[in-house]
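One structure is given below, encoded as structure tokens.
FYI, it's all coordinate maths here, none of it is from the lab. Here the structure is a predicted model, which is why all the values come from computation and not from measurement. Here the Cβ positions follow ideal geometry from the backbone for every residue, glycine too, while neighbour counts run over all protein chains shown.
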Amino acid sequence: MLYPQSNDARLVFSLDGVWDFRTAGEEDYPSEWIGEALPDAIPMAVPGSYNDQNDLVDLYETYGWVVYQRTFSLPARAIAGQRVVLRFDAATHAADVYLNGEKLGSHKGGFLPFEFDVTDALKAGDNLLTVAVDNRINQSTLPIGNEGNVAFFGSDNAGIPSVEAGKRYAKPQNRPNFDFFNFAGLNRHVELYTTPLNHIADVAFVTKSVTEGLGESETGPAVVGYDVTLAGPDADPAAVRVEILDEFGNVVATASGAQGEIALEDAHLWNPGAAYLYAAHVTLGEGDGADEYEQTFGIRTVEVKDQQFLINGKPFYFKGFGKHEDSYFHGRGTDQLLNVKDVSLIHWLNANSFRTSHYPYAENMYDLCDREGIVIIDETPAVGMSWPQYTNKPLFEHHEQVIKDMISRDKNHPSVVMWSLANEPWYDQGGEKSENALKYFTPLYELAHAEDPQNRPVTIVCCQNDYTKDLVTRTMDVVCLNRYYGWYNLSGDLDAACYALNVELDWWEKIGKPVMFTEYGADTMEGVHGTHGKMWSEEYQRDYFARIDAEIDKRPWFIGEQLWNFADFVTIQGTMRVEGNRKGILTRDRQPKMAAHFLRDRWAAIPNFGYKA
């Protein structure tokens with residue numbers, strides 16, 4: 001799915017702004033709100049999570065449906081003879097969409113775009129757009145939610161008579177089986193865009209060959225394959241033209257036809273820390289009714305070989321973190337200023353990568369990372385899974401669709417080097433349960449490879465488990481470990497933690513795959529200090545990373561360290577969290593803790609390529 005853009009053939013009309021908003025029912029919303037103005041509406045900014053935007057109503061505990069509404073009008077001259085599309089970059093977690101009282105359709109899944117052709121549904125003058133959004137999570141959604149009032153952390157004191165009596169009066173609420181807050185609503189942009197009736201529906205670019213070993217400032221021959229998908233009653237593949245533009249806008253190669261290969265004699269490679277972006281200017285037809293689209297891409301290869309992760313044929317070492325789309329007031333709402341700030345901090349920390357834990361991020365962050373040379377592991381929202389879900393056919397089909405949609409959206413980003421199918425699914429019970437997990441994830445692994453034109457490596461991020469019974473992780477292209485030796489187990493004893501880590505790593509070495517951390521860390525309250533670095537202090541977090549990192553440095557097949565987490569973030573209320581998860585090396589408002597300075601120095605001394613080689 002192409003991201004909307006304005007050019008000589010297309011227009012984009014933003015619907016961002018302040019909408020009318022109402023909470024609705026737990027199971028449904030009033031039908032009379034669909035085609036009429038919302039009664040007693042409150043203002044709500046889009047994009048943005050609704051949870052933090054109003055102090056008169058506690059929207060943190062909202063359970064079920066909410067309704068957004070606004071009017072818009074389009075200039076008739078601008079859309080005459082054009083196809084008009086209504087696009088949502090995301091709606092968390094399910095949405096019903098109505099235009100002028102008529103239902104356009106529904107969508108399930110809170111982190112990927114969807115759209116509707118509204119050409120024939122628009123009317124002259126004001127149009128009324130109503131969007132109902134459901135934030136509920138359960139055993140058939142991604143991410144997974146628990147039924148009833150089972151908390152992710154802590155005990156519900158089951159069996160105490162007074163507590164059991166009180167539960168009858170407890171309000172229903174989302175109980176996520178994941179450790180981040182369920183921010184919801186229209187978190188990302190909403191826009192209308194136009195195309196000609198015969199139009200470019202999709203484009204894909206694949207690096208076919210490059211001269212391996214090129215340095216950051218060198219150039220060499222490269223071949224790029226392209227595939228243009230067309231739609232419309234008279235779209236002619238022979239009428240497609242492609243111009244490849246360098247970073248200065250100069251045409252360096254051309255091609256004709258909807259599919260083909262383009263040779264560049266003096267190609268610049270896209271490298272981590274040294275990004276070089278080309279733009280493909282694609283046109284369909286000429287004169288009135290012609291369409292055009294410009295797609296950026298990078299020339300680079302990705303491969304797993306001999307326990308190494310190769311970018312452009314060179315062994316890459318991941319330095320970075322898991323992140324979250326999370327900030328004050330916005331919640332999970334798209335915020336370009338925050339993206340720019342975070343990328344500047346990634347550079348300041350001398351990091352080179354992050355994982356989109358635990359869902360695909362807004363597209364503008366990927367665009368920024370393409371430009372800035374930051375590497376991304378792109379992850380589905382399949383977090384919180386366990387053995388009961390592995391025989392759930394509707395969930396599996398939804399998981400399939402999410403993988404297809406994520407790869408379709410992100411396939412052209414050179415920053416994306418690996419797909420993650422899920423975060424911390426439980427599958428180490430052994431026997432039939434572990435076998436069911438393998439049967440569930442194997443076709444998804446194969447699907448990801450089949451759907452990606454670039455055939456990037458595929459992984460799954462496994463939790464602290466009995467790795468000897470884990471049948472799934474060892475089948476992935478890269479072994480990605482979330483490990484908390486010294487925090488959740490062997491707490492506060494770094495000597496024992498390092499010993500246990502080495503026992504496990506000795507086992508993984510025999511598997512013969514490249515291995516990396518995708519999470520490891522310790523909760524830390526900023527400003528808490530001590531002479532001996534006890535748990536929760538800034539000294540303990542610094543010492544934790546120093547000790548664990550010293551152990552993984554001994555192993556040449558250990559290809560990266562992505563700690564948990566980039567910055568503190570909000571979680572549900574509970575006895576295990578004080579205003580959220582505090583494992584960030586930065587505070588939620590992006591102030592560095594002591595460990596950030598340690599890691600900044602460490603990562604400055606580790607090159608992107610060739611570390612341990």
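Brief remarks on what is shown
- Cα pair distances exceeding 12 angstrom across the stretch 309-352, given as percent: 69
- Theoretical gain in end-to-end length, I42 to F248 [0.36 nm per residue, Cα-Cα removed]: 69.5 nm
- Among L112, L186, a tally of other beta-carbon atoms within 10 Å of each Cβ gives an order, fewest to most, of L112, L186.
- Placing R0 at 22 angstrom, the Cβ-Cβ distance between D506 and T475 gives a FRET efficiency of 0.65 after rounding to 0.05.
- For peptides 309-315, 599-605, 288-294, 119-125, sequence by mean Cβ density within 10 Å, most packed first: 309-315, 288-294, 599-605, 119-125
- Evaluating kT/(6 pi eta Rh) at 25 °C and 0.890 mPa s, with the Kirkwood radius of the stretch 11-195 over Cα pairs in the Stokes-Einstein relation, gives 138 µm² s⁻¹.
- Distance from the alpha carbon centroid of the stretch 444-491 to that of the stretch 280-356 works out to 21 angstrom.
- In summary, the lysines within cross-link reach of K314, defined as a Cα separation below 27 angstrom excluding same-chain residues under 8 places away, comprise K208, K305, K323, K411, K510, K513, K554, K612.
- As a proxy for reagent exposure, K393, K167 were ordered by neighbouring Cβ count within 10 angstrom, fewest first; the result is K393, K167.
- Label separation (S14 vs A165): 5.6 nm, computed from points 7 Å beyond Cα along the C-beta direction.
- Förster radius 35 Å - calculated FRET efficiency between D120 and Q336 (Cβ-Cβ, nearest 0.05): 0.55
- Placing +1 on the Cβ of every Lys and Arg and -1 on the Cβ of every Asp and Glu, with no other charges, gives the stretch 342-490 a dipole of roughly 260 debye about its Cα centre.
- Cα-based equivalent ellipsoid, the stretch 199-300: semi-axes from gyration tensor eigenvalues, Å: 27, 12, 11
- Relative contact order for the chain, counting Cα pairs under 8 Å that sit 6 or more residues apart, in percent: 12
- Dipole magnitude of the chain about its Cα centre (Cβ charges: Lys, Arg +1; Asp, Glu -1), debye to nearest 20: 1300
- Taking a straight line from the alpha carbon of K404, these lysines sit under 17 Å away, with near neighbours fewer than eight places off in the same chain left out: K108, K393.
- Theoretical FRET efficiency, 1/(1+(r/R0)^6), r = Cβ-Cβ of K305 and D202, R0 30 Å, to 0.05: 0.50
- Once the mean of 1/r is taken over each pair of separate Cα atoms and inverted, the chain shows a Kirkwood hydrodynamic radius of 25.7 Å.
- Near-label residues of the stretch 430-467 by backbone N, under 13 Å of a point 7 Å along Cα→Cβ of E397: none
- Here the stretch 481-558 is treated as a Stokes sphere of Kirkwood radius computed over C-alpha pairs; at 25 °C and 0.890 mPa s its diffusion coefficient rounds to 188 µm²/s.
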